[in-house]
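Read the figures in this text as sums done on the coordinates, not as results from a lab. Note that this is a predicted model, so its numbers are computed, not measured. Reconstructed Cβ throughout: ideal geometry from the backbone, glycine too, with neighbour counts over all protein chains shown.
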Amino acid sequence: MNSGDAEAAAASKKARCKKEKKKKRKDDCGAAEASAADEEIVHDNKRKKQLQQKKNGDDVAVPNRKTTVSIAVAGSIIDNAQSLELATLLAGQIARAATVFRIDEVVVFDSNSSVENSGDDVESGARFLVRILQYLETPQYLRRRLFPMHNNLKFVGLLPPLDAPHHLRKHEWSEFREGVTLDGDRSMGTFVDVGLSKNVLVEQMLEPGKRVTIAMGTNRDITTACKRKIVSPSSPRDEMELYWGYKVRYASNLGGVFSDSPYKEGYDYIIGTSEHGKIISSSELILPSFRHLLIAFGGLAGLEECIEEDRNLKGKGVDDVFNTYLNTCPSQGSRTIRTEEALLISLQYFQDPIRRAG
């Protein structure tokens, strides 16, 4: 074979290889698309079946985080901050810890003395903490409409975002989105800002400025031809097991944390945390089966002082108030563990016991 024929044969072989590789890529791509489509069909069918089972009352077969985990935090921790900026950073740490560990409810409680000493124009540490926690939990595209300007929000721009599942970007699609109702023509329903390029329409006639949860579904048509539905804020959690942020509640004292529970049956297991608590390793801690668990964290002087300051708890000890009282960080090297540190330590400590109980 002469050199010309050899070059021609090599070129022909190269062209065939290139063609085969291109065909293989196309086949692989097609297979991947088909696989993705199949998975989407399976997912849709599974979800339809689960929703039908839920409609029929078969709760066992439906993914549903029936249990909730709440934390109670003393608002007095804010009083120890030396400036508004440091107080804001502290509140941001509490919000981050609650989100990272999928906490369902944050209860911020005051002491009786704090409530008595705060005037109408001065927020107590607890009220300040509630405001910052609520602001950070709200999706970023709703904050301007839901939170009027306030001096205590001056430094919130310094805080890292929570980046929770409901804090969606404009280009992201989700079967649920948080929105705020808008003012305008009510002839067709109510327009809702859900953070997309266009506002969506719901059938209900609602007053403006109300935060709502919208079922967006899988149809990405956001014109007025496709009306959406307002659903319960717990729907993302109940139907898809999505963590959808924490609720924030204010209590005027420690007793109010328990007596004003949003759950009809109240908290069925309450844990107090303190350096004076029992020492049990996380692997050996056995929690009973629960519906609504509450973990309490004290202020600067601990939960013992919070009990003493509460008129409704006078004469009671920690064993009367809590089902169990634990030291989650024994052998500490520092004289004190700050509440924001105790939150991270304790919530990690409780992960396995909570999983085993659930």
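Quick one: which of 123-129, 257-263, 201-207 comes out on top by average Cβ neighbours within 10 Å, and what's the full order, highest first?
123-129, 257-263, 201-207
Using the Karplus curve 6.51 cos²θ - 1.76 cosθ + 1.60 with θ = phi - 60°, work out ³J(HN,Hα) for each residue of the range 298-305 in order, rounded to whole Hz, and write x for Gly and Pro.
Karplus-based 3J(HN,Hα) across the range 298-305 equals x, x, 5, 10, x, 5, 4, 5 Hz.
Using each residue's phi in the range 168-181, evaluate 6.51 cos²θ - 1.76 cosθ + 1.60 at θ = phi - 60° and report the 3J(HN,Hα) Karplus result to the nearest Hz, with x for Gly and Pro.
Once θ is set to phi - 60°, the couplings for the range 168-181 become 8, 7, 5, 8, 8, 10, 9, 5, 9, 9, 7, x, 10, 6 Hz.
As a test, work out the antiparallel percent of DSSP beta bridges whose residues both lie in the range 119-274, rounded to the nearest 5.
95
Given an 8 Å cut-off on Cα distances and at least 6 residues of separation, report the relative contact order of the range 176-240 as a percent.
It rounds to 32 percent for the range 176-240.
Enter the Cα centre distance for the pair the range 125-140 and the range 150-221, rounded to the nearest angstrom.
One Cα centre to the other: 18 Å.
Here is the link list: K66/K229; K264/K314; K154/K227. Which ones come out longer than 27 Å on Cα distance?
K154/K227, as the Cα separations exceed 27 Å there.
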